[in-house]
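K.L.:
Sharing a structure here in structure tokens format.
The values are calculated or read from the model by the stated rules, or taken from the named source; none is laboratory data. What you see is a predicted model; the values in this text were computed from it and never measured. Cβ placement follows ideal geometry from the backbone for every residue including glycine, while neighbour counts extend to all protein chains displayed.
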Amino acid sequence: MNKKIKVGVLSFQGSVKEHIKILKEFNNVETVEVKTIKKLNEIDGIILPGGESTTISKLLKTFGIFEPLKKRIENGMPVWGTCAGLILLAKKIQGETSHLAVMDISVKRNAYGTQLNSFVIKSKIKEISENEIPLVFIRAPWIENAKSNVKILSKINNHITAARQKNMLATSFHPELTNNNEFHKYFINMIKETICTK
Ligand code: GLN
């Protein structure tokens, strides 16, 4: 396949530049900053970056792309939510109303405590890489529960920190804040598989 894959990054807030920088390491990828319906319609897959989930959700509504984004995900467009992005995808958020509500997971926001409880560890995630990769947690959520149709990719201290359900990938940590691109490679492959089976 010679055509470039168009990977969108939702660009209201958060670690947008960091995702784009890593995506640019891949030759077959064109990156698109997404804030409008026009850009949303151009892309083959989208990353929802970290930031503040409630703010990003409000901005999605203000810019009129909340429902169109939800529809595209429900229709199979690959999506990867990192941290706040994971919260946006969840059907349940403890003590709060959900946002896009597309993924069969229940999450706990700020599960590890405040900004001061941010941390980095190394872990091996079989689905992603044969090597240990660094995982950066910043006021991170964890996944309390996942339905049986959700594949659990990573657990740290018995809490689920990465999962996949069909076209949806969710990580409570930030691969874009490391110099390891294995997660981005995995997501790009998810997009390629979707394009090939269309
Ligand atoms: N604590 C943020 C939230 O609840 C997520 C933090 C992050 O994305 N690094 O939305």
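K.L.:
Quick check on this structure: which one of GLY8, GLY45 is of a type outside the set (D, E, K, R) and touching a helix residue (DSSP H, G or I) at 6+ places or on another chain (Cβ under 6 Å)? Let's see the steps before the verdict.
P.N.:
Numbers: GLY8 fails: touching a helix residue (DSSP H, G or I) at 6+ places or on another chain (Cβ under 6 Å).
Step by step, each of GLY8, GLY45 is checked, and only GLY45 is of a type outside the set (D, E, K, R) and touching a helix residue (DSSP H, G or I) at 6+ places or on another chain (Cβ under 6 Å).
This table checks each residue for (1) loosely packed, with under 14 Cβ neighbours inside 10 Å; (2) within 14 Å of the ligand (Cβ to nearest atom).
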{"position": "ASN75", "(1), (2)": "yes, no"}
{"position": "GLY81", "(1), (2)": "no, yes"}
{"position": "HIS99", "(1), (2)": "no, yes"}
{"position": "ASN117", "(1), (2)": "yes, yes"}
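K.L.:
While we're on this one: Can you tell which of LEU86, LEU135, LEU169 is under 26 Å from VAL32 (Cβ atoms), within 14 Å of the ligand (Cβ to nearest atom) and out of contact with any His (no Cβ under 7 Å at 6 or more places or on another chain)?
P.N.:
Details: LEU135 fails: under 26 Å from VAL32 (Cβ atoms); LEU169 fails: within 14 Å of the ligand (Cβ to nearest atom).
From the options LEU86, LEU135, LEU169, the qualifying one is LEU86.
K.L.:
How about segment 48-65: which of its residues are touching a Leu at 6+ places or on another chain (Cβ under 7 Å) and within 16 Å of the ligand (Cβ to nearest atom)? Quick ask: steps written out before the conclusion?
P.N.:
To start, the set of residues in segment 48-65 that are touching a Leu at 6+ places or on another chain (Cβ under 7 Å) comprises 48-49, 53, 56-57, 60, 65.
LEU48, PRO49, SER53, ILE56, SER57, LEU60 - these are the residues of segment 48-65 that are touching a Leu at 6+ places or on another chain (Cβ under 7 Å) and within 16 Å of the ligand (Cβ to nearest atom).
K.L.:
Among ILE188, ILE133, ILE156, which is more than 14 Å from the chain's Cα centre (by Cα) and within 20 Å of LYS24 (Cα to Cα)?
P.N.:
After ruling out the rest, the residue left standing is ILE133.
K.L.:
Also, quick follow-up: Quick check, is PRO68 closer than 22 Å to ILE87 by Cβ and either crowded, with 17+ Cβ neighbours inside 10 Å or within 16 Å of the ligand (Cβ to nearest atom) (or both)? Full working, then the answer.
P.N.:
Working: closer than 22 Å to ILE87 by Cβ: yes; either crowded, with 17+ Cβ neighbours inside 10 Å or within 16 Å of the ligand (Cβ to nearest atom) (or both): no.
Taking the combined requirement at face value, the residue does not satisfy it.
K.L.:
Of (1) among the β-branched types (Val, Ile, Thr); (2) free of Cβ contacts under 8 Å to residues at least 40 places away in the same chain; (3) within 16 Å of the ligand (Cβ to nearest atom), ILE152 satisfies all except one. Which?
P.N.:
(3)
K.L.:
Of LYS61, LYS71, which residue is among the basic types (Lys, Arg), in a helix (DSSP H, G or I), modelled with pLDDT of 95 or more and under 19 Å from GLY50 (Cα atoms)?
P.N.:
Working: LYS71 fails: under 19 Å from GLY50 (Cα atoms).
One residue alone meets the criteria, LYS61.
K.L.:
In segment 1-45, what residues are within 16 Å of the ligand (Cβ to nearest atom), surrounded by 17 or more Cβ atoms within 10 Å (Cβ to Cβ) and either within 17 Å of LEU89 (Cβ to Cβ) or modelled with pLDDT under 95 (or both)?
P.N.:
So in segment 1-45, the residues within 16 Å of the ligand (Cβ to nearest atom) come out as 9-19.
This time we only want the ones that are surrounded by 17 or more Cβ atoms within 10 Å (Cβ to Cβ), so: 9-12, 14-16, 18-19.
Across segment 1-45, the qualifying residues are VAL9, LEU10, PHE12, GLY14, SER15, HIS19.
K.L.:
Scan segment 76-92 and report the pairs whose first residue is at positive phi and whose second residue is surrounded by fewer than 24 Cβ atoms within 10 Å (Cβ to Cβ), with Cβ atoms within less than 6 Å and a gap of 6+ or a chain change.
P.N.:
Here the result reads GLY76/ASN167, each pair linking segment 76-92 to a residue that is surrounded by fewer than 24 Cβ atoms within 10 Å (Cβ to Cβ).
K.L.:
Hey, can you tell me all the residues within segment 138-156 that are at pLDDT 95 or above, out of contact with any Ser or Thr (no Cβ under 6 Å at 6 or more places or on another chain) and crowded, with 18+ Cβ neighbours inside 10 Å?
P.N.:
Selection gives ILE143, ALA146, VAL150, LEU153.
K.L.:
What's the total number of residues in segment 48-94 that are out of contact with any helix residue (DSSP H, G or I) (no Cβ under 7 Å at 6 or more places or on another chain), polar (S, T, N, Q) and farther than 22 Å from LYS6 by Cβ?
P.N.:
Result for segment 48-94: 4.
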